[in-house]
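Presented below is the structure to which this report refers.
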Amino acid sequence: MNLGWRLGALALTFAVLFGVLALKMWTIQVTATSTFVEAAQNNLVKFVETPAPRGQIRDINGNLLADNRNARVAVIEGALVTRGGEDLLVRNLAAFSGRPASEIKELVDEARRRGDRIEVVSELTDEQVVFLSEHHEDFVGVRIVDTPVRVYVDGKLAADVIGYIGRPNADDLEKPGVKPTDVLGKAGVERQYDGVIRGESGRIGYRINARGEILAQLSEDLPSPGSTVYLTIDSEVQTILNSSLEQGLLNAREQYRVGGCVPGDEDIGCPVRAVGLVLDATDGAVVAMSSVPSFDPNIFVEGVSEDEWARLNSQAVFNNFAIQGLYAPASTFKTVAYVAALEEGIFPQDVTHDEDNGYICDGLLEFRFNDGSPQLYRDWLAGGHGAINLHDALHQSCDLYFWEIALKVWSGRGTEFEQDLLQQWARKFGFDSQTGIDLPFERGGLIPDQEWFDNAQVETPLLVRDTPWAGGDVMNIVIGQGSVLATPLQMANAYAAMVNGGTLWQPRVVDHVETAEGTILPNTPVAVRDIGMDDRTIQLLRRDLQQVINGPSGTARTAFADFGDNVELVGGKTGTGEVIKRNEDNADEILRDVDDALFVGVAPINNPKYVVVIVIERGGSGGRFAAPIAARVLQFLLNGIEGVSDVGSGAEAD
Amino acid sequence: MALTARRTEPVTILQRERALRPDMFLILPYLALAALGIVMVYTASAPRNELLGLDPASTVRRHIVFVLIGFAVFIASSLIGGRTLRSLSIPFYMGSLLALGIVLRWGRELKGAQRWIQIGPLQLQPSEFAKVAVILALAVLLANAGNTLRWFHIGRAVLLVGAPAILIFLQPDLGTMLVFAFASVVMMFVAGTTLRQLAFIGLAAVVMAVALFQVGAIEEYQIARVTSFLDGAGDEEDADYNQRQSEIAIGSGGFFGKGLFGGTQTNLSFVPEQSSDFIFTAVGEQLGFVGGSIVLGLYVMIVWRLLVAAINGRERFSQLVAIGIASLLVFHVFVNVGMTLRLLPVTGLPLPFLSAGGTFFIAMSLALGLAHSVWMRRSPVPDE
């Protein structure tokens, strides 16, 4: 047998195999040994986390809104479940908790896989605590942890602003430092300020052996509690706003149908909800913010029945409609055209360049667009308002006068005026973009223009008519209808800028944050822009808004009839947004007439401090249903608690 | 090296007259490894036994018994002459096949595989002896074939190795199957197989495996066992955990090691199976790179002596036996140490002469003794 080269090759192969082993040994034992020394050390030490209490949430005066109470929770500590002790643990835990063994096994497996704790019994009774302590050797890996549990002191008071908490979802888990066992803010301030509210978990280090049995406690870092957040919300105003909205909504439903109604698809005319907020016009602080029906955020801590959940969800109560609800601002939007008219000198065709000159409003506007198409527009008040000027037009909310302004802009487009002049003014006041409030999920609304319209025709052809952008679109914008959409917060903020001298503030709900060590971190007001309005315009607007309430033919006069003292300090504007329209071809035929009721109030009008916005979704007339709610809130703001009356109904007005 | 030329010289009488002198270069490393094994088995098992409330020395005491039996088997097999061995090879092979059949039908199941036969207090693993039996039988076949291997011989070799391989595959014991494959390919390669023939053998192995599944010769539960082994299934996580702990243990041992009983990984039982399959972990952690290198060096020495024995083997059969046993040893060391270093997957092959595990120590001593016998009955070299 010729062993020659074949044996040589074999010896070489063997040598290579041994060489590979020696090389790998050299790598891990000499080159990288420190890594493994550390890993061996870490094998001997296991850390478990102690949850930090979330920071408190307080109102501007320090009243407690969200706090924590202590609960003793049994957790499976994945790092401490012994290898091989799992079956026994599952059996004992199933018997202890009364939950099926398969469920417990899943929890134990997951806790071990993650090396993290998982709650198994959420509130232990004293007897259970004693039992677990006495039988701890039968529950190796189970710890009793003092866990802070969120408590919302006055549940529904400012649920929209405060928000609620919950377990992280898939998106949250991708954020750095978020573990499945964490509790996170899911909405409102709880979410927006989660980083400062959450605090930092503590850590306990144990020395263990290979079976995972604890030999000794090595270290303990205490958790650092989250910071306390002070809101700009004033609980007293918030309480009044809540009760006013509730009363107003009930009243609107009662007026819609005797005995009330239940909103839904079967009854599309039934008022759905009432939304309101009070904004500090001088710095953008939100004094109160609410939408009714609301919810109690404690249900996210304590749980809620499936039926109750379905009911709440169907009413979309978890949304903050003051910043997420989009409504046609309707006639409350006329102040934008009002300011534009004064600033740019735009007045109806047959009126010379002066806002005081009369214009005959007979309730019908007949004209031809540039393309020659004949048009007929009707004012909301059949028969019209007679001879009026710009100021009367605002007091009485005359559509025709403002349509004439739109027509003038449309006719003069490209020469006298820029085509989107009115939209530009709307945007100056913060419409068409988010206000930047420190709350999540804010929506930006919409001020349509030709560019938007052309894009929408391409992107959503089914929703947009196929004829081009026309003068009629501008006429819709000027009265806040058509595709114009705004949040109640945008409306409030725009009015604040109009009446405060022309400063558009970035609204905010947090006044300052106080860390656990006592450091105060102020949330300074931010001015977005100075609009640069003429002082005369501001003074005229204040006067005319005051007349809407105090003037002989003001649209909100009736609603404020019972106001009492200081009514002369109140200004405002009504609005009635068409949700479901009349038949376009035959204006006499009313298919279904469902409107959103709106009101914007300002007080004190000579030196504006508060802007109050009220929207009743499908509430009907703004003057009739929204204004009385605002009146009640303004009564409180101006006259204190003793001046507050019940919410009634005002007169039917746009 | 032209061995054939040597054999033409009429030296047969002289060889017979030469006394049988042991090869100390082979025996000393063997004894050293066995001794080190006893120490390592003790350090790896005593703390755990203590924890379980057992006598700390119970594992090592049992191991020592097998080591002593192993020494006896080594001496006995060293004394078996080539011709006797050759005549015993085929019966040994047949006996192994029978034992493998028995183990499959009546064997004890442990950790999802049937590998053990219980005889009284004794647990025997026929597959360990089958390793030696296959090497012997293949050596007979290849020696009979002469210098040029025909396709006919290759076919017979495949059948010869294939039969026990299938039985072991059904246990299932993938590691042992790979041992068969490695040793027989090495032997055929040295015996002069052409590359084309080697390729054919590889193809045959694949076809056979597929055919077994297709024909349905394998019961469903057996397929399930094999696939669960291949996929790792539920055991994968544990296997990975074990290997990571093993790597940490060896890596943290550093250059000089942590000293006997100084290894936290070993003492606190982070490494599983540490007195049997993962015994090298105890070496690496406690004795460091130095100790591990010495162990590898001892194996290199033994393998070197086996290759020298093969070169000097008096006849083709003896030479092939020495080669087969050398490859058996190398494969076990490489796969086992590679596993503890997290270089190779977990296959369940123990480490020769070090791992606790009775049958294996005895079988490896038998194999080493047979190879030792080849050296003792080597052809005379000119200066002797």
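Is it the case that the range A:332-348 has a residue that's surrounded by fewer than 22 Cβ atoms within 10 Å (Cβ to Cβ), in contact with a Ser or Thr (Cβ under 8 Å, 6 or more places away or on another chain) and either outside the structural domain of A:Asp544 (by TED's automatic domain parsing) or among the hydrophobic types (A, V, I, L, M, F, W, C) (or both)? Scanning the range A:332-348 turns up at least one residue that is surrounded by fewer than 22 Cβ atoms within 10 Å (Cβ to Cβ), in contact with a Ser or Thr (Cβ under 8 Å, 6 or more places away or on another chain) and either outside the structural domain of A:Asp544 (by TED's automatic domain parsing) or among the hydrophobic types (A, V, I, L, M, F, W, C) (or both). Looking at the range A:84-101, which of the residues that are in contact (Cβ under 8 Å) with a residue 12 or more places away in the chain and part of a helix (DSSP H, G or I) is farthest from the chain's Cα centre (by Cα)? Here the answer is A:Leu88. Report yes if some residue within the range A:248-269 is surrounded by fewer than 17 Cβ atoms within 10 Å (Cβ to Cβ), assigned by TED's automatic domain parsing to the domain that holds A:Ile162 and of a type in the set (Lys, Arg); otherwise report no. Looking through the range A:248-269, none of the residues is surrounded by fewer than 17 Cβ atoms within 10 Å (Cβ to Cβ), assigned by TED's automatic domain parsing to the domain that holds A:Ile162 and of a type in the set (Lys, Arg).
Against the numbered list (1) over 30 Å from B:Gln245 (Cβ atoms); (2) of a type in the set (Val, Ile, Thr); (3) within 14 Å of chain B (Cβ to nearest Cβ), A:Val73 comes up short only at (3). Taken over the range B:260-308, the criterion of being part of a helix (DSSP H, G or I), surrounded by fewer than 19 Cβ atoms within 10 Å (Cβ to Cβ) and aromatic (Phe, Trp, Tyr) is satisfied by B:Trp304 alone.
Scanning the range B:262-295 for residues that are hydrophobic (A, V, I, L, M, F, W, C), farther than 15 Å from A:Ala22 by Cα and over 24 Å from the mean Cα position of the chain (by Cα) returns B:Leu268, B:Phe270. Note on the range B:174-199: residues that are under 14 Å from B:Arg150 (Cβ atoms) and within 14 Å of chain A (Cβ to nearest Cβ) total 6. Scanning the range A:63-83 for any residue that is more than 37 Å from the chain's Cα centre (by Cα) and surrounded by fewer than 17 Cβ atoms within 10 Å (Cβ to Cβ) turns up at least one such residue. Taking the range A:592-627 as the range and being part of a loop (DSSP other than H, G, I, E, B), on the phi < 0 side of the Ramachandran plot and small (Gly, Ala, Ser) as the test, the residues that pass are A:Gly619, A:Ser621.
Inclusion of A:Ala288 among residues that are assigned by TED's automatic domain parsing to the domain that holds A:Val612, in contact with a Leu (Cβ under 7 Å, 6 or more places away or on another chain) and either among the β-branched types (Val, Ile, Thr) or crowded, with 19+ Cβ neighbours inside 10 Å (or both) is warranted. If we keep just the residues of the range B:243-259 that are in contact with a Gly (Cβ under 6 Å, 6 or more places away or on another chain), facing chain A (nearest Cβ under 9 Å) and over 9 Å from B:Thr340 (Cα atoms), which is surrounded by the most Cβ atoms within 10 Å (Cβ to Cβ)? Per the stated criteria, the residue is B:Gly253. Kindly provide the set of residues from the range A:434-461 that are under 30 Å from A:Leu231 (Cα atoms), touching a residue at least 12 places away in the same chain (Cβ under 8 Å) and either part of a loop (DSSP other than H, G, I, E, B) or among the charged types (D, E, K, R) (or both), ordered by number. Answer for the range A:434-461, where residues must be under 30 Å from A:Leu231 (Cα atoms), touching a residue at least 12 places away in the same chain (Cβ under 8 Å) and either part of a loop (DSSP other than H, G, I, E, B) or among the charged types (D, E, K, R) (or both): A:Thr435, A:Gly436, A:Ile437, A:Asp438, A:Leu439, A:Pro440, A:Phe441, A:Glu442, A:Arg443, A:Gly444, A:Gly445.
Here is a yes/no grid of residues against (1) at pLDDT 90 or above; (2) over 25 Å from the mean Cα position of the chain (by Cα); (3) of a type in the set (A, V, I, L, M):
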residue: B:Leu178; (1), (2), (3): no, no, yes
residue: B:Leu195; (1), (2), (3): no, yes, yes
residue: B:Glu220; (1), (2), (3): no, yes, no
residue: B:Ser228; (1), (2), (3): no, no, no
residue: B:Asn242; (1), (2), (3): no, no, no
residue: B:Ser246; (1), (2), (3): no, no, no
residue: B:Phe255; (1), (2), (3): yes, yes, no
residue: B:Lys258; (1), (2), (3): no, yes, no
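Screening A:Pro522 with (1) closer than 24 Å to A:Gly163 by Cβ; (2) surrounded by 16 or more Cβ atoms within 10 Å (Cβ to Cβ); (3) without any contact (Cβ under 8 Å) to a residue 40 or more places away in the chain gives one miss only, at (2).
When you check A:Glu119 against the structure, is it of a type in the set (Asp, Glu) and not in a helix (DSSP H, G or I), yes or no?
yes
Kindly list the number of the only condition in (1) under 30 Å from B:Val303 (Cα atoms); (2) surrounded by fewer than 18 Cβ atoms within 10 Å (Cβ to Cβ) that fails for A:Leu7. Just one mismatch for A:Leu7, condition (2).
Of A:Ile76, A:Ile60, A:Ile104, which residue is touching a residue at least 12 places away in the same chain (Cβ under 8 Å), in a helix (DSSP H, G or I) and in the same structural domain as A:Arg203 (by TED's automatic domain parsing)? Even if it seems obvious, please write down each step before you answer.
Values: A:Ile76 fails: in a helix (DSSP H, G or I); A:Ile60 fails: in a helix (DSSP H, G or I).
Residue meeting the stated conditions: A:Ile104.
Checking B:Gly369, B:Gly348, B:Gly324, B:Gly338 one by one, the residue that is farther than 22 Å from B:Tyr42 by Cβ and free of Cβ contacts under 8 Å to residues at least 60 places away in the same chain is B:Gly338 and no other.
Being part of a strand (DSSP E or B), modelled with pLDDT of 95 or more and not basic (Lys, Arg) is the requirement here; does A:Val286 meet it? Criteria met by A:Val286. Of a type in the set (A, V, I, L, M, F, W, C), within 9 Å of another protein chain (Cβ to nearest Cβ) and not in a helix (DSSP H, G or I): is that true of B:Leu343 in this structure? Criteria met by B:Leu343.
Do we have any residue at all in the range B:24-43 that's at pLDDT below 90, over 18 Å from the mean Cα position of the chain (by Cα) and not in a strand (DSSP E or B)? No, the conditions are met nowhere in the range B:24-43. Note on the range A:11-44: residues that are of a type in the set (A, V, I, L, M, F, W, C), surrounded by fewer than 21 Cβ atoms within 10 Å (Cβ to Cβ) and either part of a helix (DSSP H, G or I) or away from chain B (no Cβ under 11 Å) (or both) amount to 13. Among the residues of the range A:122-148, those identified as of a type in the set (Val, Ile, Thr) and assigned to a strand (DSSP E or B) are A:Val142, A:Ile144, A:Val145, A:Thr147. The residue list B:Val337, B:Val321, B:Val308, B:Val300 contains one member that is under 20 Å from B:Phe25 (Cβ atoms) and within 7 Å of chain A (Cβ to nearest Cβ), which is B:Val300.
The values are calculated or read from the model by the stated rules, or taken from the named source; none is laboratory data. The model shown is predicted, which means the values in this text are computed figures rather than measured ones. Cβ sites come from the backbone with ideal geometry, for glycine too, and all protein chains shown count toward neighbours.
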